[in-house]
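Okay, structure first, notes after.
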Amino acid sequence: MSEPIQNLRAAYHILERNIIRALRTQRGDATQLSLQVTEALRLLQAAEPHRTAFPPTEYAMLQQSITVMVQQLDEARHLSSDSPEGPNLVVAHRASTGGRPRIEIDPRFLAQALDLRGTTHLASVFTCSARTIRRRVTVKACVQLYKRVDWEVQVISKR
């Protein structure tokens, strides 16, 4: 086989791998997917001068495969990885109490969030102070703040 054909075959396999990765990870990102479309069309354009060197069935398969890749990339441009169906997840809301609005946080979500981050980081997520997060943890008893070990009390809360 000629060297240009081998190079085109290798380039096709690399392109195929990159397009599969893009379809899995770049859904909805029109810029990145457009780059992959350009690469696919560029490969087809590079194969055109060597059309006679390819076996006819292989060249037809190359054209068909690149056409399918471009169609899938075009479809993926209009998709989003987040499904719009269903209501948004509400884990915190402000409750009117007649004075300063109180921030109510779902205790289950707060307990799981504290396993991952400290109160300072969660304060920026909930747009409140870290003290507010610590108070909600104490009031809702989401996590065990203290434990007794050999008659001594030790603080185990994350900060």
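Bear in mind these aren't lab numbers, they're just calculated from the coordinates by the rules spelled out. Quantities reported herein were computed from a predicted structural model and do not represent experimental measurements. Reconstructed Cβ throughout: ideal geometry from the backbone, glycine too, with neighbour counts over all protein chains shown.
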In nanometres, the difference between 0.36 nm per residue of separation and the alpha-carbon distance of Ala30 and Arg108 is 24.4 nm
So, with points 7 Å from each Cα along the Cβ direction, the Tyr59-Val139 label distance in nm works out to 7.5 nm
Expressed in nanometres to one decimal, the distance between label points 7 Å along Cα→Cβ at Arg94 and Val125 is 2.1 nm
In whole angstrom, the spacing between the Cα centers of the stretch 12-29 and the stretch 38-82 equals 13 Å
Given a Förster distance of 22 Å, the FRET efficiency implied by the Cβ-Cβ spacing of Ile5 and Val68, rounded to the nearest 0.05, works out to 0.55
